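The values are calculated or read from the model by the stated rules, or taken from the named source; none is laboratory data. As the structure is a prediction and not an experimental result, all values here were calculated from the model. With ideal geometry, Cβ positions are generated from the backbone for all residues, glycine too; neighbour counts draw on all protein chains shown. All accessible areas refer to the heavy atoms of the entire protein, side chains included, with ligands and DNA or RNA removed. Shrake-Rupley method; radii C 1.70, N 1.55, O 1.52, S 1.80 Å.
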Amino acid sequence: MKPREIVPDVHYVGAPDFDRRLFDALIPLPDGTSYNAYLVRGRDKTALIDAVEPTMLHVLQAYLKDVTRIDYLISNHTEQDHSGGIPWVLERYPEAQLLSSEPAKPMLVDHLGLDAGKIRTVADGERLELGGKTLRFIYTPWVHWPETMSTYLEEDRILFSCDWFGSHIASTDLFVDGADCILAEAKRYYAEIMMPFRKIVQKNLDKVRDLDIRLIAPSHGPIHRDPRSIVQAYRDWTDDKPHNTVVIPWTTMHGSTALLVERLVAALTARGITVFPFNMASADIGKLAMSLVDAATLIVAAPTVHVGPHPMVLDAVVLANALRPKVRFASIVGSYGWAGKMADAVKGAMPNLKVEFLPPVICKGRPKPSDLEAIDTLADAVAAKHRESGLL
Ligand code: FEO
């Protein structure tokens, strides 16, 4: 199999994975994914950037079948979907030097059992000459692990960005075709793994702001030929100001919480607010994560199971707490049969969210007219907060 040319002497040697449906046993992959790797050939030296997921190593092996020498193996990120093939590459090309950021070195040892003596660390900003191709290493931590770096090919103005700017898409196309589609998939990916590090992502964006970038070649999904579009999208997603939206993870057991949610969605909509309700019995948590990227308010709606919130809804709260979205306001609605302590448990499950809590609405049994009026009052309170924040 011949490496696929991106520009002269820069080739794609990665692997689309059309069948994968779950990442980290958590993240849905409706469109599969890819594990990208790139071969850069200079006059004097050849470098391989990243080394694919072990389950797809045979694809990298096929691409490299006729490549007789690799001088440098660059590990931008030590997570196994990019580093898993490193032991094989080092065995096949014993002359290759493994290059990584300083913080990546112990992680490569821990995750892959590599000999630390075989790893040469590169400094932030260091250059590597291949002969007519110059690679510059740029530390871009926390996208989404602490050790991640990007590699910039100066002559061709290509940024090999690893996970950031990536998207979980399996495709036979090398380049982005259809910006709207890719931005949705890239947003899903940002939401799932990079949102907790939003402030550091902002700093990384500042760090590459003055680079003259022609192509962004991430480690998942297609290559961006219009870097401004994806960079601007990252600017928007990481911006401190949320949108005029409310996210409602909810479920129902006997219909009471469903009635509260139905009233709440209608009341918020009538007040000019966009609402994203997710019934956790069937929701795609990737879409839930995407909606949290911009939301100003999170309202958790749960029936009570024994004395606590329904576990499916609690899962959503735990996820939101882990993803640390920029939500500013939160509240809880729900119902119970004989024990009304559910709201305290929900509130206690989101300590990472720096939110102002609005009064909850919890009803016993089927909602009464007064409960539905309380929902309208909650919608009024949300609208007032959005208005005060300049969102509405
Ligand atoms: Fe695609 Fe963080 O690995």
Whether any residue in the stretch 9-16 is crowded, with 22+ Cβ neighbours inside 10 Å and assigned to a loop (DSSP other than H, G, I, E, B) is what I want to check. yes
With 228, 209, 235 as the choices, which residue is without any contact (Cβ under 8 Å) to a residue 60 or more places away in the chain, surrounded by fewer than 21 Cβ atoms within 10 Å (Cβ to Cβ) and part of a loop (DSSP other than H, G, I, E, B)? 209
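Quick check: anything in the stretch 145-158 within 30 Å of residue 226 (Cα to Cα), within 16 Å of the ligand (Cβ to nearest atom), β-branched (Val, Ile, Thr) and not in a helix (DSSP H, G or I)?
Taking the stretch 145-158 and keeping what is within 30 Å of residue 226 (Cα to Cα), we get 145-158.
From the residues that got through so far, the ones that are within 16 Å of the ligand (Cβ to nearest atom) too are 145-151.
From what's left, β-branched (Val, Ile, Thr): 148, 151.
With not in a helix (DSSP H, G or I) added as a condition, the list becomes 148, 151.
Scanning the stretch 145-158, I find at least one residue that is within 30 Å of residue 226 (Cα to Cα), within 16 Å of the ligand (Cβ to nearest atom), β-branched (Val, Ile, Thr) and not in a helix (DSSP H, G or I), so the answer is yes.
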For residue 141, state whether it is assigned to a loop (DSSP other than H, G, I, E, B) and either surrounded by 17 or more Cβ atoms within 10 Å (Cβ to Cβ) or assigned by TED's automatic domain parsing to the domain that holds residue 222 (or both). yes
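Name the residue, out of 35, 72, that is open to solvent by less than 20 Å² (accessible area, probe 1.4 Å), of a type in the set (Ser, Thr, Tyr) and either in the same structural domain as residue 184 (by TED's automatic domain parsing) or closer than 25 Å to residue 285 by Cα (or both).
Values: 72 fails: open to solvent by less than 20 Å² (accessible area, probe 1.4 Å).
The unique qualifying residue is 35.
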Please work out which one of (1) modelled with pLDDT of 95 or more; (2) within 15 Å of the ligand (Cβ to nearest atom); (3) over 28 Å from residue 108 (Cα atoms) is the condition residue 185 fails and give its number. (1)
Can you give me the number of residues within the stretch 144-170 that are open to solvent by less than 20 Å² (accessible area, probe 1.4 Å) and on the phi > 0 side of the Ramachandran plot? 2
The stretch 296-314, residues that are open to solvent by 40 Å² or more (accessible area, probe 1.4 Å) and in contact (Cβ under 8 Å) with a residue 12 or more places away in the chain: 305, 306, 307, 312, 314
Given the criteria in a helix (DSSP H, G or I) and surrounded by fewer than 23 Cβ atoms within 10 Å (Cβ to Cβ), does residue 173 qualify? no
Taking the stretch 315-364 as the region of interest, how many residues are touching a residue at least 60 places away in the same chain (Cβ under 8 Å) and open to solvent by 30 Å² or more (accessible area, probe 1.4 Å)? 3
Which residue out of 132, 117, 125 is open to solvent by 50 Å² or more (accessible area, probe 1.4 Å), more than 16 Å from the ligand (Cβ to nearest atom) and not charged (D, E, K, R)? 117
Could you say whether any residue in the stretch 82-92 is open to solvent by less than 30 Å² (accessible area, probe 1.4 Å), in contact (Cβ under 8 Å) with a residue 60 or more places away in the chain and within 16 Å of the ligand (Cβ to nearest atom)? yes
So residue 293, is it under 30 Å from residue 144 (Cα atoms), surrounded by 17 or more Cβ atoms within 10 Å (Cβ to Cβ) and modelled with pLDDT of 95 or more: yes
Which numbered condition residue 264 misses (of (1) open to solvent by less than 10 Å² (accessible area, probe 1.4 Å); (2) of a type outside the set (S, T, N, Q); (3) not assigned by TED's automatic domain parsing to the domain that holds residue 327): (3)
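Considering 52, 40, which residue is buried (at least 20 other Cβ atoms within 10 Å of the Cβ), assigned to a strand (DSSP E or B) and either in the same structural domain as residue 131 (by TED's automatic domain parsing) or within 15 Å of the ligand (Cβ to nearest atom) (or both)?
Details: 52 fails: assigned to a strand (DSSP E or B).
Answer to the check: 40.
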